[in-house]
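**Student:** First the structure, which I've put down as structure tokens, then a few questions once you've had a look.
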Amino acid sequence: AIDAGGNTTCALLDDGAVACWGAGGYGQLGNNTTANTNTPQDVASFPGNKGAISIAVGSRHACVLLTDQNMSCWGNNLFSQLGDTTTNNSTTPVLVQPMNGTAKPVALTLNNLHTCALLDDGNAACWGLGSYGALGIGLPESSSPVEVAVVPSSIADIDAGVWHTCAVLNNGSVACWGENRELQVGSPSPRAEPT
């Protein structure tokens, strides 16, 4: 698998490792440096020495799902988008704060300053900067995953924009929340929660 975001590209390898290249100024290459590179660099070991099963790359951070159903992220963390309860950038993978309850992440999406996970119970959780309501949790910022407010149906897929987030629901409809100056949430008025 491969994903690209901002000025960085990362590839998931068949042994569960990840390699990244491009811009590294915020540590988003995960190789314990902040240097740019035009060749793939091995991302440092994941917490618990677990392997990755999926990868998502944002503007200046990247995240993986691990084989033990935990999540790990690295790179820019100015607004807690790494989910480790700090605001410290990290040049190596850190463990995302575990979710409350029994729901487990099955997919990740990230963009500029927020990160969201699709959960196996049909809900989603988001963290990072929630300007304009992009987190869908009624908070302007969260340093760890918080479940999105109730949506009309369980979520089948989720994707993060710069300041908004949209989900495909299992009933065939779409729910969006966040910044709406150009009507990108599909509603005539701003929405800070799923609709």
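The values are calculated or read from the model by the stated rules, or taken from the named source; none is laboratory data. Being a predicted model, the structure only gives us computed values, none of them experimental. Heads up, the Cβs are rebuilt from the backbone with ideal geometry, glycines too, and the neighbour counts pull from every protein chain shown. The area values use the complete protein model at the heavy-atom level, side chains included, leaving out ligands, DNA and RNA. Shrake-Rupley method; radii C 1.70, N 1.55, O 1.52, S 1.80 Å.
**Student:** R0 = 45 Å: FRET efficiency of residue 171 with residue 34, Cβ-based, nearest 0.05?
**Tutor:** 0.50
**Student:** May I pose another question? Between residue 68 and residue 120, what length comes free when the chain is fully extended (0.36 nm per residue of separation minus the Cα-Cα distance, one decimal in nm)?
**Tutor:** Details: separation 52, 0.36 × 52 = 18.72 nm, distance 1.39 nm.
Length difference between fully extended and current span is 17.3 nm.
**Student:** With all protein chains present and a 1.4 Å probe, how do 163, 74 order by accessible area, largest first?
**Tutor:** Output order, biggest surface exposure first: 163, 74.
**Student:** Right, next: What is the Cα coordinate range of segment 1-112 on the first, second and third principal axes, sorted by size from largest, in whole angstrom?
**Tutor:** Here the Cα extents, ordered largest to smallest, are 41, 32, 22 Å.
**Student:** Scan (i) 114, 37, 34; (ii) 64, 46, 34; (iii) 45, 33, 28 for the value of Cα extents along the principal axes in Å calculated from this model and give just the label.
**Tutor:** (iii)
**Student:** Give, as a single signed number, the net charge of other residues whose beta carbon lies under 12 Å from the beta carbon of residue 68, with Lys and Arg counted +1 and Asp and Glu -1. Intermediate values should be presented prior to the final figure.
**Tutor:** Numbers: positive: 50, 104; negative: none.
Once all neighbours under 12 Å are counted, the net charge is +2.
**Student:** Work through the residues other than residue 90 whose Cβ is under 12 Å from its Cβ and net out their charges, Lys, Arg +1 and Asp, Glu -1.
**Tutor:** 0
**Student:** While we're here: Given points 7 Å out from each Cα along the Cα-Cβ axis, report the residue 156 to residue 54 separation in nanometres with one decimal.
**Tutor:** Result for the modelled spin labels: 1.5 nm.
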